[in-house]
Structures are given as structure tokens and as C-alpha cells.
Amino acid sequence: MKRQYLYILFVLPLLMACKPKAPTHVVDAGTADFTKFIAIGDGHTAGYMDDGLSLDGQRNSLGAILQQQLMMVGAPALEMPWMSEQNIGLSVNGLSRLILGYKTDCQGISSLSPVRVSLQGETSALASSAYNPSKKHSNFGVPGFRMIDMVSTAFGNINLPQHNAFFARMSKDQFNLPGSGNYSSVQENIFDGGSPTFCSIYLGIEDVLPYARSGATQHPMSPLAGFPGLGFEESLTQLCEQLSSQNVKAVLATIPNISDWPFFNTIPYNGLTLDAEKAASLNQIYNPIGISFVVGANPFMVVDPNAGMFGVRPAVPGEKILLTAPLDSVKCNQMGSIFPFRNEFVLTTEELATIQLRIEAFNAVIRQKATTYGFAIVETGGFYDKLTTGFAYNGATLSAKFVSGGAFSLDGIHLNPRGNALLANEFIKAINKKFTAKIPLINALNYNAILFP
Amino acid sequence: MRYQNRLIVGGFFFLLFWFNLAEAQGFQVNFQGQKQQGMGCAGSALVQDASTLFFNPAGASFVSKSQVNLAITPIFGNVMYVDSVTNEMYRTENPVGTPLNFYALIKPKRFHRLAYGLSVTTPFGSTVQYEPGWIGRFAITRLSMKVFHIQPTASFKITDNISIGAGFVFSPGSVNLQKDLPVQFNDGTFGHAEISGAAMGYGYNLGVYYNPGGFLSAGLSYRSGINMSVSDGQVDFTVPEGLAPNFPNGSLSASLALPSVTTLGLNIKPKASWNIVADINYVGWNTYDTLAFDYATNTSSLEDTKSPRMYKNIFAFRGGIQYAVFAKDKVLNVRFGGGFGFSPVPTGYLTPETPDGNRAYFTSGISYEFNKRFSLDASIYATKITRADTNLETQLSGTFTTIAWAPGIGINYNW
């Protein structure tokens, strides 16, 4: 008896597996049905990044990454208006996408900088249709797509100068008879051939961004009020109405504070660095009108019609110098000092406040619609705030810093693949919460950030 | 008699679960004696061979003969990480760890109260290698740490029942730490950093031992903390050419504080063929509060790093039983034991290089004396550790499960 006990104890250490056993996880769509999922949005959803739309960008778009994860819970395979394998990319201005390369500045100094991948963009993409009647697009991400464009029949009308070429190539309109004059809206395309079961809707950025990017000189922001196609609120309302009438569930997203993005924050307002000689020569010019310069950091000079009789003044803290400001001219041709920055390169604090107010008004509408129609809501502001502060993610540090922050692409506006994956996680969290789904988050480290030569 | 034995076995398990018998934790390795390994790594008060040089230097003068002792304990450790955010699962591809120990104990014939000796042990160290592309790659991809303790020791019997002992510890070591960097080449592969260097540290080992030769013996020992300092380490970066100026290869310095260990050991001998042993460790892990690397050349991308570790001091309890099966000639001993240990790693500071947690383990062992001079020991150790945490520094959030097996074998030669 005694010895039997002993032998049992003796072999106790042997009663264990060699390797830890992998657990099984419950993955569940909850009350949502993703079998006919469609992602709706602007360039973020389409995969526009590095100031261009390319195949790589599309594959790593917010819409594609989100949909791929939703495929775990029944979403269909990706169908997008694919660009070509060459990956040259196409910007809204017909240029190729940006990559990180070496650029020699006006002083002959070579350094890492965003450069275009080729002389010309992939304009051939616009010459042929990307529509296939047997394969309905699951991604209606369109670069430049505003909320108020949702029901516009001008949006895809190639005969009109204001049409959107990225949408025109994916619209079903190619089967229109030539000259028939009938063009369909994005919304008609979305519901063409049956309604979706679930939509992600990330719109509104393009209703304010072009205005901000132009230094508040062009492209007025969309008005809040007005009929669908004119006003922000009713454009969203009618979309929600149609979704609701077809029992389509959705996740909406608010508009982040775009002025926190690298495009508006990479060049500091006081980025004019002067040595003694340069400061002295500028003082000779500006001292007579009461402006003086010091050795070291100085505010850039900006054009301001309201600033005294000469219409120039130093930039003030809080003002944004845009990434479009010609830095070569700053270095070699006294841009920002003797020749003040023109209005198109500057957002004043008043302009920023106006933009901010409009975003808040739009967001109030988006939140209200989400509540009314029982949609999930993503507060993108929280996500971008975290980026602005910077945060650790599985041992990597991510921030809103240009290039080194690792989340934004080289245009300083759109996220890079890793940034899109992180934002897609915010969508999944919102879906999980609202529809009691159990969808795991994405490992954003599996997606590229900035690639270095 | 049968009743008595049941009482002893039952009592042992009562102790085991009541006091959470345990072993020390962190990257400490407790495989320094095959006989102890058979009894839950306890037995510092049951002096049977030269391994007492490590466990309690005072015990050396109670060893009856001069002896050399050599043992090796391959560790088969498998770690599984399940990310709580993405559900992704990754495993380690650890090479087999090989802690070894060598003891030489000399009993001078003329001064029977004296003993001296030399021990070479590996009480700290580990190699952790994660599978390629794992989610914590920016925290660590591989860590290999080796620490040798070379300890010349002397022990003296003050009375027939009480002895003292002391040893000086030279501690050479080496470290190799690798991780990926969150910068990417044009083809999407990540940059890589490798830190390597030789380390050196010094310490001491003190003990007092009481053995009246009857029902009870006891010992108290103290192994000092040792500051392992890497004075001339090397860091090598593999990064895209465009970033090379930001990541200059060069020298670095670092240090790692190994903890002190205070051990109280008890041995009870209720009958001639039975020994019941229990050890209590107090491990001074709180010296390991930061893992710092001081790079010789700093840039905007390469600043000196100070990662908080914030280890805390812990108690560890171990216990075991030894039974002489053929009591007449004392030829065969069988042993078993086990323990439970608290982790020195506080919540929020769990790292993949030491995926530590409270642990329970079981051991068993056997010894066979071929003749008066030559004997063989064998033991086996098994543990499973599960720990979930979110690291405050890296935000890595998931559950580490470790299963480790350690079969050991040792030989003794007496004269």
C-alpha cells in the first residue's frame, strides 16, 4: 500500500503535455449580417495614400482591411475597382504616388524626401472601365467623395468637368447608351442588383478637407443644411432612410480633427531659422514696419491683408503652415521671410476655428443619425487624438509625426496601411459593441508603414 | 505503521498546498543538484553530497568524504503566447537549455572539522527564441543569457553539531539580445538590432548549518546579489541604408542585477529510511527595477533606453520526501517533491523575454549507489505556468503559457 502511493507520486511530473495547447476562440457576427458587406467612403476607404491610388494602396485600404477581417464572420471576398500591378499610382491631379527617395535640394544637399515614383501617374486606369456586372463592388471608396455627392448624378458624368474620374471608372454607367445623358449616383450603384446587408460609412472628411488644404482659399466646405445633394445633413439622412428601409445595418464614423494631421503640422509656424547675418539683413527690411528677427527660430512671414498697410505679419502660434509650402524656396529664395507665405500655404487661427466648427456640426449630425437608425458609431477623433499624443503598439511607437510617426502615408493626410489597420480596429470595436459581435482585432504590424530605401 | 506513513505523506501535501511550496522565479534556474531536484528543489538541510557548496556552504564540513559531482539538466521549455487583442497565437522555438553544475569538495584527513571546495554552477540564464514574425517582435525576438558562478568555498565545524561556511563568487556571463525594429526596408522586411556582450560580476555565499545527527537538521544560507555589468557590449543594426546614419553600430554598456537569495532549510528524519525536507527562499528581486542600455553614440532615433521591470522580492517554498527503498544497504533512494512559487514580475510588467508567472511544479528523482565510491543520480522536473498581462511599456496584451520539462542526470565519485 505504502509503496503504491509512492510510485504514483514518482510519476506525477510525467503526467503533462509537452507543448501548451492552443485555445479555441469564439468568433461571431452577433446581430449583424455581413454576407453582403459594402464599404462606403472617400480615399481612406478606397486606399488612396502617398497622394495616389494604387493597387497596393487598395489592398491596404481601410475598406479592404476591415472587410478582410469581417470575412471571418461571413463577409464576401473583396471586389474593388483594381488598379494595375505596376503600382505607379494615380493622384487626383494625374501624378504618380509618392515614395521615400533621395532628393537634392536647391543647396545641393541630398536627403530622404517624398518623391514621385514616376513622371506620370497611372492615367491609363481612367481610360477603361473597372465595372463588371457579374462582380458587384464591395468597396465604394472613392477619392474625393463628399457626403453631398452621395445622390449626385453629376459625380460620375464624364461629360461634366466636375465629375469624379475615380468613380466614373467603377460606375455601372459604362453600359449606358452613348449620349443618353443618364448617369447614376453612387447610391444607385450601391443598391444596384440588390441591397447590401451591412455598410461601413466613413464620409465627411472631403466635405471640409479640400478647403483646409487650399489654405481656406478655394473649395468651400459643404453646407450643413440643404436638400440631399446640397446639404450635409439631408444627404446623410436620405442614405440612412434607404438603408433602414431595406433593413441594412451600418457603422458610421465621425470626422476627425483634420488639422492635427501631419500635412498641417510638419512645418512649424516658427520654422524660419536664421543666422546672425540673415537676421540682420531681414531686420534692415522689416524693422521700419516694427517687425524684428532674432538669431535662431523666428515665425515665418505670412501675407495678411488685414495686417497694416503692408499686408504682412509674422505667423502666430497656433497657425498652420501647410505641407504644400515650397521648402526649396524657403531655403534659397527667401520664401517665408522677404517673400511672405501666400494665403494658400497658411491656415490662420480664425480659419481653423471655422473648419473646427463645421466638423463639429457635421459630427453632431452623424452621431444623431447613428442613434436614430441604430447604427454603430466610430469616434475617429479619439483614435487620431491618440496618434497625436503618440502611443505604444506591441512594442512599436506610433504617432502623427510625418514619416517617422509610422501611421500616416507620405501625403501627410491619408493613413498608411498600418494606420488603416489601426483605424479598421476602431470600426471593429464599434461593431462588436453595437451588434454584440465577437470579431477579433487586426494585428496592424502585419501591414506596412513607411518603406525606406 | 501504515497509518503513520499515511500521516506523513498527507501532512506533506497539507504543507504543500497550505504554504504554497515553491521555487524561485524570474530567469533564475534552480537546477544545481540532482538530489535536491528530485525533492522539489529543496534539501539544503539534507546534506548528502558536494552540491551543498551551492545550497549551503556550511554543509560542506558535514560531508563525510571528498567528492566530485557533475550533473547536467537539459531544459525543454515551450512558451505559447496568445494575443488577447487579435487572438493570434505564437510559440517559441527555444533551443534546449543546458544548466550544468560541477562540484569538487575536499575533506582534509587531518582537519576533519574543515572542508573546502570549488563549485561551477549556472544559477541564472535562459534562451528564449520566438517564432519569426511574432507579434512582439519589437520587444524581443531572441534573448540568450548565460551566467556562470565560480565559487571557491571553505566550511568549518565550530562544534560537532554546528558549522559555518563561506564562498566567494566570480560570475562571468554573456548576453545576446535581439529584436526587430519598426522600420521597414522597401520590400517590407523589418530592421533588426542585436545587442551582445560579455558580463562580469562578484558576490559571496554564506551559510550556517545545524545537524545534531538525529530527528532534525536545519540550515540558513545567504547568496548575495550580483551586479552583472556589461562594460564593452556591441550593438549591431540592420536597417535601410537611408536610416543607417540614425542607427550607428557601436559599443554600449548595460548592467543586470541578479538577486540575493536567503534560504532557510529544514530536514526531518522521522524514521531511518525517510527524510522530509523543506526550503524557504527569500529572493531579493527588487534590485531588478530597470533594464537600461547606454549606447555610446546616440541619435534622434537611438536614445539610451530605460525599460522599467519593477520586480519585487518574493518568497519561494519547496518541499520533498526521500525514501530509501532498500534500506539495509542504502543502495536505492527514490524522491519526489514539488512547490509553488510567486512571480517577482508585477502586473503590467510582464515581458516576453521572461514570461514569468506564479508556478506550481512537481519533481521526482532516484539515486543508485553502485559501490562506496560511485553513484548516479537522476531527476525530472515539470511545470506549467500561465500568466496574462498587458505590458505598460509595449502594450503587448496576452497570455503566456509555459510548459517546461527538465530531466537531469548526475554522477558522484567519493574518496
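Treating each Cα of region A:272-347 as one equal point scatterer and applying the Debye formula with no solvent, the log10 of I(q)/I(0) at q = 0.24, 0.25 Å⁻¹ comes out as -1.22, -1.31.
Local charge for A:SER54 was computed over the other residues whose Cβ lies under 11 Å away, with Lys and Arg +1 and Asp and Glu -1, and equals -3. Between B:GLU303 and B:TYR413, the contour length at 0.36 nm per residue exceeds the alpha carbon distance by 34.3 nm. With the charge dipole of the protein assembly as shown set up from +1 on Lys and Arg Cβ and -1 on Asp and Glu Cβ about the Cα centre, the Cα lying farthest toward the positive end among the listed residues A:GLY57, A:SER84, B:ILE140 is that of B:ILE140. For B:ASN186, the residues 5 or more places off, or on other chains, whose built amide H falls under 5 Å of its own are A:PHE452. Under 5 Å between amide hydrogens, built in the peptide plane, is the criterion, and for B:ASN249 it picks out B:PHE237 among residues at least 5 positions away or on other chains. Using all pairs of distinct alpha-carbon atoms, the Kirkwood hydrodynamic radius of region A:186-328 works out to 19.1 angstrom. Ordering of B:302-314, A:132-144 by packing is A:132-144, B:302-314, highest average first (other Cβ atoms within 10 Å, averaged per residue). Over chain B, with a single point scatterer placed on each C-alpha, what log10 of the ratio I(q)/I(0) does the Debye formula yield at q = 0.07, 0.10, 0.13 1/Å? Debye curve over Cα of chain B, log10 I(q)/I(0) at q = 0.07, 0.10, 0.13 Å⁻¹: -0.36, -0.69, -1.08. Please list, in chain and number order, the residues 5+ apart from A:ALA400 or on another chain whose amide H is under 5 Å from its amide H, with Hs placed from the backbone. Here A:THR388, A:GLY390 satisfy the definition.
Averaged over peptide B:376-382, the number of partner chain Cβ atoms lying within 10 Å of each residue's Cβ comes to 2. Taking B:LYS372 as the anchor, which aspartates and glutamates have their alpha carbon closer than 19 Å to its alpha carbon, excluding any fewer than eight residues away along the same chain? Reachable aspartates and glutamates: B:ASP49, B:ASP329. The base-10 log of I(q)/I(0) for chain A, evaluated at q = 0.06 Å⁻¹, reads -0.32 [Debye formula, identical scatterers on Cα atoms, solvent excluded]. Summary value for region A:152-257: 22 percent relative contact order, contacts being C-alpha pairs under 8 angstrom separated by 6+ residues.
Region B:67-91 and region B:277-320 have Cα centres spaced 19 Å apart.
Each semi-axis of the equivalent ellipsoid for region A:242-399 is √(5λ) with λ an eigenvalue of the Cα gyration tensor; in descending order they amount to 42, 19, 11 Å. Counting only other chain Cβ atoms within 10 Å of each residue's Cβ, the peptide A:439-445 averages 5. Computing Rg and the Kirkwood Rh from the Cα coordinates of the protein assembly as shown gives a ratio, Rg/Rh, of 1.12. Descending by average beta-carbon neighbour count within 10 Å, the peptides B:397-403, B:343-349 line up as B:397-403, B:343-349, the highest first. Coupling constants for region B:157-173 follow from the phi torsions by the Karplus curve (6.51 cos²θ - 1.76 cosθ + 1.60, θ = phi - 60°), and in residue order they are 7, 6, 10, 5, 10, 10, 10, 10, x, 8, x, 9, 10, 8, 10, x, x Hz; glycine and proline get x. If only the Cβ of Lys and Arg carry +1 and only the Cβ of Asp and Glu carry -1, the dipole of chain B around its Cα centre is close to 2660 debye.
Scanning chain A for cysteines with no neighbouring cysteine C-beta under 4.7 angstrom from their C-beta gives A:CYS18, A:CYS199, A:CYS240. Based on DSSP, what percent of beta bridges with both residues in region A:272-347 are antiparallel, to the nearest 5? Just about 80 percent of them are antiparallel. Taken one residue at a time, the phi angles of region A:32-38 give Karplus couplings (6.51, -1.76, 1.60, θ = phi - 60°) of 9, 10, 9, 5, 10, 7, 9 Hz. Gly and Pro are set to x. Compared with the dominant Cα axis of chain B, that is its longest principal axis, helix B:2-18 is turned about 30°.
Straight-distance candidates among the lysines for linking to B:LYS271, with alpha-carbon spacing under 21 Å and chain neighbours fewer than 8 residues away dropped: A:LYS2, B:LYS35, B:LYS328, B:LYS330.
For peptide A:38-50, the mean count of partner chain Cβ atoms within 10 Å of a residue's Cβ comes to 0. Candidates A:SER214, A:ALA130, A:SER245 compared by Cα position along the dipole of region A:126-253: farthest toward the positive end lies A:ALA130, with charges placed on Cβ.
Which lysines have a Cα lying under 28 Å from the Cα of A:LYS320, excluding residues fewer than 8 positions away in the same chain? Partners found: A:LYS103, A:LYS278, A:LYS331, A:LYS386, A:LYS401. Which one, B:GLN28, B:GLN37, B:GLN322, has the greatest fluctuation when you compute a Gaussian network model over chain B with C-alpha springs under 10 angstrom? With Cα springs under 10 Å in chain B, the top fluctuation among B:GLN28, B:GLN37, B:GLN322 is at B:GLN28.
Label 7 Å along Cα→Cβ of B:PHE326; region B:260-295 residues with amide nitrogen under 12 Å? Within reach of a label on B:PHE326: no residues. Say a paramagnetic label sat at a point 7 Å from the Cα of B:VAL96, along Cα to Cβ; which residues of region B:51-86 have their backbone N under 13 Å from it? From region B:51-86, the list is B:72-77. A simple rule links phi to the HN-Hα coupling: the Karplus curve 6.51 cos²θ - 1.76 cosθ + 1.60 with θ = phi - 60°, which for region A:424-430 gives 4, 4, 5, 5, 5, 4, 5 Hz, with x for Gly and Pro.
Comparing mean-square fluctuations of B:ALA378, B:ALA244, B:ALA324 from a GNM of chain B with C-alpha springs under 10 Å, the top value falls on B:ALA244. Compared with the dominant Cα axis of chain A, that is its longest principal axis, helix A:349-373 is turned about 20°.
Ranked by the mean number of other Cβ atoms within 10 Å of their residues, highest first, the peptides B:380-386, B:199-205 fall in the order B:380-386, B:199-205.
Values in this text are rule-based calculations from the coordinates and carry no lab data. Predicted model only: the values in this text are computed from it and were never measured. All Cβ positions, even for glycine, are placed from backbone atoms using ideal geometry, and neighbour counts span all protein chains on display.
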